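K.L.:
My questions all concern the structure below.
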Amino acid sequence: MTTSSRAKPQIVPRPRVRQTKVLFTSVCRPLGPRYGDSESVGYELLFGQVTRAQGLFSPRATHSHFSLEYIAENLEAPAMVLQYPSRAELIRELKKGYDYVCISFLLAVFHRMKEVVALVRTHSPASQIVLGGYGTVLSDEALKPYADHICREEGVAFMRRLLNEPEIPMPYRHPLIVSRLNIFSKEASQTGMIFAGLGCPNGCDFCCTSHFFKRRHIRLLPTGKDIYNVIERYLAINPDMVFTILDEDFLLNKARAMEFRDCVIRGGRSLSIFAFASIKALSQYKIEEILEMGIDGVWIGYEGARSGYAKQQGRSTRELFKELKEHGVTILASMIVGLPYQNAAIIRNELDGLLALRPDLSQFLIYGPTPGTPFYERIMNEGLLHQELVENKESYYRKCSGFTAMVQHPSLAPREIEEAQERCFKQDYERLGPSLFRVIDTYLAGYHKLRNSSNPLLRKKSRWFAAQVRNAYPIFLAGRLLGSNSEIKRWISGLERRCYHEFGKPNTIERLASLGALALALWTGLKLKLGIFQHPRLARHPYRMPLESPQPGRIWRRLRRRIDVISVELRSERSVWVRVEGLLSASQAHELGAQLRAALERGREHLVLDLTKLTHLCPDAAKKLATNLRRSRQRVRLITPTFAHPRVAVWLALFDLYR
């Protein structure tokens with residue numbers, strides 16, 4: 001009697017079971033005051049609330065509902081995300097049949113949320129409706145008529161619980177979402193959005209985002225290394241990518257920030273990062289530490305000279321702003337109009353004080369009450385909300401955009417507050433000029449300050465500043481001809497001469513590009529005047545829905561035909577997701593690895609290999625898979641299986657995890 005070799009596990013096809021499908025959507029376009037919305041309501045934060053007075057000089061970037069993409073990335077159920085669909089586009093999607101429709105909204109678009117709910121109930125009546133976003137600060141009484149479920153917490157945990165999916169630890173999988181900034185209707189840069197945290201412990205009395213999370217800070221990326229890992233993934237797509245870290249006061253947690261700084265220093269690359277930071281947080285650091293992190297832009301709450309918020313404690317505002325700008329760090333400063341102690345003269349004086357600091361960008365919002373904040377509770381207890389808003393709640397919701405005076409003020413009428421706000425935006429533009437040129441001026445100062453630094457990373461930063469200034473040469477002509485007034489035009493001419501003195505005069509290509517930029521600037525101004533081409537197209541992103549995804553290249557599609565247990569899906573930013581399900585034998589692993597290697601060698605895509613649905617992976621199969629992919633491992637990231645055989649883990653450890 002002979003002994004047989006160990007029998008190989010049999011491959012049994014898994015029956016296909018219909019999975020719960022989830023649709024995530026924003027409210028529908030068109031949006032804006034022309035369509036019945038309040039001032040600043042639209043698709044853009046910069047153009048709507050910061051550079052709104054700067055016309056054709058305003059940088060433009062669509063502000064997506066990032067949370068929808070983030071949640072969809074971290075579910076197991078098939079999901080579709082729609083960003084700003086039209087009514088017709090939403091109806092077409094609803095007719096495909098979804099078990100849940102999740103709607104993200106803000107208070108100012110409550111009326112738009114109701115329109116989406118009506119469409120869901122008409123065209124997909126079996127769908128359960130989930131409401132999320134900061135609009136859910138409203139009571140159950142206000143929201144229950146429109147929802148089956150309301151999310152008032154961190155969204156991934158909520159949705160996984162709703163869908164009966166197991167809890168997963170942080171850091172969650174981080175989607176790669178790129179925001180494109182346009183200047184004069186032409187793409188100027190790509191920004192990788194980094195979701196580092198939710199909530200803020202500072203607890204300013206007006207702040208919805210702080211009190212929504214009960215003054216808790218939820219670290220979506222718990223460590224500095226986690227943040228740096230996400231940056232590395234973006235840089236693999238585009239080495240020139242710049243970044244925005246979305247975290248209410250990123251620098252407040254010094255341990256995490258300094259760990260991140262250590263990672264950047266070890267990486268040896270000069271980064272460009274915009275972050276939110278209070279005076280209190282910034283005061284913890286030396287300027288060199290901030291620059292070593294790669295931070296060259298910060299959003300600071302200036303608020304008001306006598307507002308007295310805890311986050312303003314620390315170094316003097318004047319000293320801090322001066323040091324940051326001298327070292328090339330741009331500043332977006334936000335000021336509140338209509339604080340109780342302010343009158344017309346005080347607002348003018350505080351504006352003069354802010355403009356004397358020469359911020360690169362400025363935001364001016366009216367002090368307004370949002371449900372869930374201490375300011376709202378005080379206003380309602382003291383009966384200070386204007387009576388017409390008390391009587392018409394939906395009018396109140398619509399005006400929660402930061403551009404309407406809603407509270408009885410000790411010395412100012414509502415129209416006076418609104419006119420003061422409008423005057424602040426206008427004065428900022430007329431006295432300091434377009435933000436585009438203020439940023440160039442700050443970068444030039446940073447170049448001068450850092451070019452002879454003993455720190456090699458800061459010398460690299462000075463070279464980055466120099467490159468940004470040189471790249472901006474073509475916009476000077478438009479600035480000299482179309483600037484806000486004669487004084488600003490002279491200032492732009494002087495800045496232009498200083499740049500030419502430092503980096504040389506423009507070459508022939510740059511002179512021709514200047515004429516092109518002028519033409520584009522005039523076209524941008526005409527579009528604004530006529531109100532044309534001001535709305536984004538639908539962004540439609542499938543997750544775990546291969547049949548709905550854009551088709552990857554032919555060599556990737558062959559994988560589905562060769563091996564039965566995988567699905568292939570093309571995601572955003574040239575990433576291909578290959579999901580393996582069930583059991584993967586050694587021979588299948590070898591064949592899969594060879595096919596993946598061939599696809600990677602022939603294309604420039606990045607591979608995410610999702611192994612979470614595997615029920616069995618032997619060490620020999622893991623070895624064959626890893627051996628085939630070893631040469632391309634910089635473009636491969638793994639989502640590992642739940643089981644953990646030590647010898648399997650050794651081979652999979654060759655690759656970075658997808659986080």
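The values are calculated or read from the model by the stated rules, or taken from the named source; none is laboratory data. In this text, all values refer to a predicted model and were calculated from it rather than measured experimentally. All Cβ positions, even for glycine, are placed from backbone atoms using ideal geometry, and neighbour counts span all protein chains on display. These accessible areas exclude ligands, DNA and RNA; they are computed on the full protein's heavy atoms, side chains included. Shrake-Rupley method; radii C 1.70, N 1.55, O 1.52, S 1.80 Å.
K.L.:
Of the residues that make up the range 344-356, is at least one within 25 Å of the chain's Cα centre (by Cα) and surrounded by 23 or more Cβ atoms within 10 Å (Cβ to Cβ)? Full working, then the answer.
P.N.:
Filtering the range 344-356 for residues within 25 Å of the chain's Cα centre (by Cα) gives none.
Checking the range 344-356: not a single residue is within 25 Å of the chain's Cα centre (by Cα) and surrounded by 23 or more Cβ atoms within 10 Å (Cβ to Cβ).
K.L.:
Same structure again: For R233, work out the one condition from (1) touching a helix residue (DSSP H, G or I) at 6+ places or on another chain (Cβ under 8 Å); (2) more than 21 Å from G308 (Cα to Cα); (3) among the charged types (D, E, K, R) it doesn't fulfil.
P.N.:
So R233 meets the others, but not (1).
K.L.:
Here's another thing I want to ask about it. Need the failing condition index for G268 against (1) at negative phi; (2) in contact with a Leu (Cβ under 8 Å, 6 or more places away or on another chain); (3) open to solvent by less than 50 Å² (accessible area, probe 1.4 Å), just the number.
P.N.:
Exception for G268: condition (1).
K.L.:
Say whether the condition of being part of a strand (DSSP E or B) and hydrophobic (A, V, I, L, M, F, W, C) is met by at least one residue in the range 199-211.
P.N.:
So the first thing to find is which residues in the range 199-211 are part of a strand (DSSP E or B), and the list is none.
No, the conditions are met nowhere in the range 199-211.
K.L.:
Consider the range 593-607. How many of its residues are assigned to a helix (DSSP H, G or I) and touching a strand residue (DSSP E or B) at 6+ places or on another chain (Cβ under 7 Å)?
P.N.:
Initial filter on the range 593-607 (assigned to a helix (DSSP H, G or I)): 593-602.
Restricting the remaining residues to those that are touching a strand residue (DSSP E or B) at 6+ places or on another chain (Cβ under 7 Å) gives 596, 600.
The qualifying residues number 2.
K.L.:
Quickly run through the range 413-441 and pick out the residues that are among the aliphatic types (A, V, I, L, M) and out of contact with any Phe, Trp or Tyr (no Cβ under 7 Å at 6 or more places or on another chain). Give the steps one after another, and end with the answer.
P.N.:
To start, the set of residues in the range 413-441 that are among the aliphatic types (A, V, I, L, M) comprises 413, 417, 420, 432, 436, 439-440.
A413, I417, A420, L432, V439, I440, listed by residue number.
K.L.:
Looking at T209, T223, T136, T191, can you tell me which residue is buried (at least 22 other Cβ atoms within 10 Å of the Cβ) and not aliphatic (A, V, I, L, M)?
P.N.:
Details: T209 fails: buried (at least 22 other Cβ atoms within 10 Å of the Cβ); T223 fails: buried (at least 22 other Cβ atoms within 10 Å of the Cβ); T191 fails: buried (at least 22 other Cβ atoms within 10 Å of the Cβ).
From the options T209, T223, T136, T191, the qualifying one is T136.
K.L.:
Any residue that is part of a loop (DSSP other than H, G, I, E, B), touching a helix residue (DSSP H, G or I) at 6+ places or on another chain (Cβ under 8 Å) and without any contact (Cβ under 8 Å) to a residue 60 or more places away in the chain - is there at least one of those in the range 367-374?
P.N.:
Scanning the range 367-374 turns up no residue that is part of a loop (DSSP other than H, G, I, E, B), touching a helix residue (DSSP H, G or I) at 6+ places or on another chain (Cβ under 8 Å) and without any contact (Cβ under 8 Å) to a residue 60 or more places away in the chain.
K.L.:
Within the range 566-583, count every residue that is farther than 14 Å from L547 by Cβ and either assigned to a strand (DSSP E or B) or at pLDDT 80 or above (or both).
P.N.:
9
K.L.:
Could you name every one of the helices (runs of 4 or more DSSP H) located completely within the range 486-564 that has at least 1 residues being open to solvent by less than 60 Å² (accessible area, probe 1.4 Å) and at pLDDT 95 or above?
P.N.:
Values: elements: 486-503, 508-530, 554-562.
Because the criterion is at least 1 residues that are open to solvent by less than 60 Å² (accessible area, probe 1.4 Å) and at pLDDT 95 or above, the helices (runs of 4 or more DSSP H) in the range 486-564 that meet it are 486-503, 508-530.
K.L.:
Considering every residue within the range 407-416, establish whether at least one is open to solvent by 30 Å² or more (accessible area, probe 1.4 Å), free of Cβ contacts under 8 Å to residues at least 40 places away in the same chain and not in a helix (DSSP H, G or I).
P.N.:
Yes, some residue in the range 407-416 is open to solvent by 30 Å² or more (accessible area, probe 1.4 Å), free of Cβ contacts under 8 Å to residues at least 40 places away in the same chain and not in a helix (DSSP H, G or I).
K.L.:
Considering only the range 435-455, I want to know if a residue exists there that is over 30 Å from R269 (Cα atoms) and either open to solvent by less than 70 Å² (accessible area, probe 1.4 Å) or touching a helix residue (DSSP H, G or I) at 6+ places or on another chain (Cβ under 8 Å) (or both).
P.N.:
Taking the range 435-455 first, the residues over 30 Å from R269 (Cα atoms) are none.
Among the residues of the range 435-455, not one is over 30 Å from R269 (Cα atoms) and either open to solvent by less than 70 Å² (accessible area, probe 1.4 Å) or touching a helix residue (DSSP H, G or I) at 6+ places or on another chain (Cβ under 8 Å) (or both), which makes the answer no.
K.L.:
Continuing with this model, one more query. Within the bounds of the range 170-193, is there any residue that is assigned to a helix (DSSP H, G or I) and farther than 18 Å from H65 by Cα? Before you say what the answer is, go through the steps one by one.
P.N.:
Our first condition is that a residue be assigned to a helix (DSSP H, G or I); within the range 170-193, this holds for none.
No; the residues of the range 170-193 include none that is assigned to a helix (DSSP H, G or I) and farther than 18 Å from H65 by Cα.
K.L.:
While we're on this one: Scan the range 598-609 and report the pairs whose first residue is under 17 Å from P175 (Cβ atoms) and open to solvent by 30 Å² or more (accessible area, probe 1.4 Å) and whose second residue is part of a strand (DSSP E or B) and not hydroxyl-bearing (S, T, Y), with Cβ atoms within less than 9 Å and a gap of 6+ or a chain change.
P.N.:
Close Cβ pairs satisfying both conditions: E605/L570; E605/V576; H606/V576; H606/V636; H606/R637.
K.L.:
Taking the conditions exactly as written (at pLDDT below 95 and closer than 24 Å to L538 by Cα), does S26 satisfy them or not? Outline the logic, then answer.
P.N.:
Details: at pLDDT below 95: no; closer than 24 Å to L538 by Cα: yes.
No: the conditions fail for S26.
K.L.:
Something else now. Please determine, by comparing only the residues of the range 361-370 that are in contact with a Gly (Cβ under 8 Å, 6 or more places away or on another chain) and of a type outside the set (F, W, Y), which one is most open to solvent (accessible area, probe 1.4 Å). Outline the logic, then answer.
P.N.:
Start the filter on the range 361-370 by keeping residues that are in contact with a Gly (Cβ under 8 Å, 6 or more places away or on another chain), which leaves 365-368.
From the residues that got through so far, the ones that are of a type outside the set (F, W, Y) too are 365-366, 368.
Numbers: L365: 43, I366: 15, G368: 19 Å².
Among those that are in contact with a Gly (Cβ under 8 Å, 6 or more places away or on another chain) and of a type outside the set (F, W, Y), it is L365.
Every residue, every condition in (1) surrounded by fewer than 16 Cβ atoms within 10 Å (Cβ to Cβ); (2) hydroxyl-bearing (S, T, Y); (3) at pLDDT 75 or above; (4) under 19 Å from S585 (Cβ atoms), yes or no:
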residue	(1), (2), (3), (4)
T615	yes, yes, yes, yes
P641	no, no, yes, yes
V648	no, no, no, yes
W651	no, no, no, yes
L654	yes, no, no, no
L657	yes, no, no, no
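K.L.:
Name the helices (runs of 4 or more DSSP H) wholly within the range 19-132 that hold at least 2 residues that are among the hydroxyl-bearing types (S, T, Y) and surrounded by 20 or more Cβ atoms within 10 Å (Cβ to Cβ)? Show your work before the answer.
P.N.:
Details: elements: 45-49, 66-73, 87-94, 110-123.
Fully inside the range 19-132 and qualifying: 66-73.
K.L.:
In addition: Confirm whether V469 is in contact with a Cys (Cβ under 6 Å, 6 or more places away or on another chain), more than 25 Å from Y35 (Cα to Cα) and aliphatic (A, V, I, L, M).
P.N.:
Working: in contact with a Cys (Cβ under 6 Å, 6 or more places away or on another chain): yes; more than 25 Å from Y35 (Cα to Cα): yes; aliphatic (A, V, I, L, M): yes.
Considered against the rule, which asks whether it is in contact with a Cys (Cβ under 6 Å, 6 or more places away or on another chain), more than 25 Å from Y35 (Cα to Cα) and aliphatic (A, V, I, L, M), V469 comes out as yes.
K.L.:
If you take the residues in the range 417-431 that are buried (at least 21 other Cβ atoms within 10 Å of the Cβ) and in contact with a helix residue (DSSP H, G or I) (Cβ under 6 Å, 6 or more places away or on another chain), which one is farthest from G338 (Cα to Cα)?
P.N.:
Within the range 417-431, the subset buried (at least 21 other Cβ atoms within 10 Å of the Cβ) is 417, 420-421, 424, 428-429.
With the extra rule that they be in contact with a helix residue (DSSP H, G or I) (Cβ under 6 Å, 6 or more places away or on another chain), the set shrinks to 420, 424.
Numbers: A420: 9, C424: 12 Å.
Across the range 417-431, the extreme among qualifying residues is C424.
K.L.:
Can you tell me which of (1) touching a helix residue (DSSP H, G or I) at 6+ places or on another chain (Cβ under 8 Å); (2) surrounded by 22 or more Cβ atoms within 10 Å (Cβ to Cβ); (3) in a helix (DSSP H, G or I) is the one C400 doesn't meet?
P.N.:
Going through the list (1) touching a helix residue (DSSP H, G or I) at 6+ places or on another chain (Cβ under 8 Å); (2) surrounded by 22 or more Cβ atoms within 10 Å (Cβ to Cβ); (3) in a helix (DSSP H, G or I), C400 breaks only (3).
Yes or no, residue by residue, for (1) more than 26 Å from the chain's Cα centre (by Cα); (2) closer than 30 Å to G479 by Cα:
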site: P371; (1), (2): no, no
site: L384; (1), (2): yes, no
site: E388; (1), (2): yes, no
site: K393; (1), (2): yes, no
site: R398; (1), (2): no, no
site: V407; (1), (2): yes, no
site: I417; (1), (2): yes, no
site: R423; (1), (2): yes, yes
site: L432; (1), (2): yes, yes
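K.L.:
Here's a follow-up. Let me spell it out: the conditions are (1) within 30 Å of S514 (Cβ to Cβ); (2) in contact with a helix residue (DSSP H, G or I) (Cβ under 7 Å, 6 or more places away or on another chain); (3) among the hydrophobic types (A, V, I, L, M, F, W, C), and W464 meets all of them except one. Which number is the exception?
P.N.:
Only one criterion in (1) within 30 Å of S514 (Cβ to Cβ); (2) in contact with a helix residue (DSSP H, G or I) (Cβ under 7 Å, 6 or more places away or on another chain); (3) among the hydrophobic types (A, V, I, L, M, F, W, C) is unmet by W464, namely (2).
K.L.:
For the range 214-245, which positions are under 30 Å from E377 (Cβ atoms) and either in contact (Cβ under 8 Å) with a residue 40 or more places away in the chain or under 18 Å from the mean Cα position of the chain (by Cα) (or both)? Steps first, answer last, please.
P.N.:
Pass one, the range 214-245, residues under 30 Å from E377 (Cβ atoms): 214-220.
Listed by number, the residues that qualify are H217, I218, R219, L220.
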